Structure formats: structure tokens, C-alpha cells
1. Of everything in region 1-21, what is open to solvent by less than 50 Å² (accessible area, probe 1.4 Å) and under 22 Å from residue 61 (Cα atoms)? Give them in sequence order.
2. Determine which member of the set 90, 62, 73, 54 is closer than 12 Å to residue 20 by Cβ and among the charged types (D, E, K, R).
3. Say we look at region 50-66 and pick out the residues that are free of Cβ contacts under 8 Å to residues at least 40 places away in the same chain and under 23 Å from residue 30 (Cβ atoms); which of these is surrounded by the most Cβ atoms within 10 Å (Cβ to Cβ)?
4. Please work out which residue is surrounded by the most Cβ atoms within 10 Å (Cβ to Cβ), limiting yourself to region 67-122 and to residues that are β-branched (Val, Ile, Thr) and closer than 16 Å to residue 32 by Cβ.
5. Criterion first (at pLDDT 95 or above, out of contact with any Pro (no Cβ under 6 Å at 6 or more places or on another chain) and small (Gly, Ala, Ser)) does residue 21 satisfy it?
6. Of everything in region 22-41, what is open to solvent by less than 40 Å² (accessible area, probe 1.4 Å), within 12 Å of the chain's Cα centre (by Cα) and not aliphatic (A, V, I, L, M)? Give them in sequence order.
Amino acid sequence: QVQLVESGGGLAQPGGSLRLSCVASGFTFSGYAMSWARQAPGKGLEWVSGISSDGSDTYIKDSVKGRFTISRDNAKNTVYLQMNSLKPEDTALYYCRKHRDGVPKPGESDYWGQGTQVTVSS
């Protein structure tokens, strides 16, 4: 029933920007925290950023602070990840995640989307 559909990935040059979107359905979106995680080739899943259910609190991985911004539009059941100043090491499959309550605690998500690929290369 829960469905998370990511989009917005693609190819970007270093220093470029992409905006990822995740449209959620099957649950009361405004009641749950959301986050983004990524998996680079040959690596495990890595938490990137989270946002509380009402959008008032955001959390971001140190390596992307100042470059990535998470936001949400509860009226549209959508969470976003704006990625600026992209680096090759940002290349990964990016997943949207639903959490179990209103706080996006790492490791406590219960649903994931299919992912959207981000490739950063010259």
C-alpha cells in the first residue's frame, strides 16, 4: 500500500545541480518523517538527509552540508532533495524513505522507494 516514487535523477557535471522528488502514497504523509539515503557503486546504503513530519527540523550528512537541502510539501505528498555543487562522489542511487514516526532517525525507516540514479561526471 505504501508507495514512494523517486524522480529527478540523471547526469550532472561536477558543480552542477539536480533536484530529486519523491511522491508518496498509501499513508498520511504529513504524519511521518522522511529521508533520503543513497547507495554508491560497491558501497552500502548511506543516510543523506532527513526531515521531520512538519518540515520544521532537517538533518543532513556532514559531507553534503551546504550543498544539499531537503524540503517537503505535505499538500503534494512530496519530499525533495535539492543537490547543488555536485561532486563525483555524490554518484549513487538515491532512495526516498518513510520513517516510523515524525522524527527521521537514521536506521528507523520502514519503507523505501525504487530509487533514482544520480551520476556526476565530467
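The values are calculated or read from the model by the stated rules, or taken from the named source; none is laboratory data. In this text the structure is predicted, and so the values were computed from the model without any measurement. Cβ sites come from the backbone with ideal geometry, for glycine too, and all protein chains shown count toward neighbours. Areas reflect the complete protein model, heavy atoms only, side chains present, ligands, DNA and RNA absent. Shrake-Rupley method; radii C 1.70, N 1.55, O 1.52, S 1.80 Å.
1. Of everything in region 1-21, those that are open to solvent by less than 50 Å² (accessible area, probe 1.4 Å) and under 22 Å from residue 61 (Cα atoms) turn out to be 4, 6, 8, 9, 10, 12, 16, 18, 20, 21.
2. On the way: 62 fails: closer than 12 Å to residue 20 by Cβ; 73 fails: closer than 12 Å to residue 20 by Cβ; 54 fails: closer than 12 Å to residue 20 by Cβ.
That would be 90, the only listed residue that is closer than 12 Å to residue 20 by Cβ and among the charged types (D, E, K, R).
3. Taking region 50-66 first, the residues free of Cβ contacts under 8 Å to residues at least 40 places away in the same chain are 55-56, 58, 60-66.
After this cut, where a residue has to be under 23 Å from residue 30 (Cβ atoms) as well, the list is 55-56, 58, 60.
Values: 55: 16, 56: 8, 58: 16, 60: 19.
Applying the filter and picking the extreme gives 60.
4. Narrowing region 67-122 to residues β-branched (Val, Ile, Thr): 69-70, 78-79, 91, 103, 116, 118-120.
With closer than 16 Å to residue 32 by Cβ added as a condition, the list becomes 70, 78-79, 103.
Values: 70: 22, 78: 18, 79: 29, 103: 15.
Of everything passing the filter in region 67-122, 79 is surrounded by the most Cβ atoms within 10 Å (Cβ to Cβ).
5. Values: at pLDDT 95 or above: yes; out of contact with any Pro (no Cβ under 6 Å at 6 or more places or on another chain): yes; small (Gly, Ala, Ser): yes.
When the stated conditions are applied, residue 21 passes them.
6. 22, 35, 36, 38
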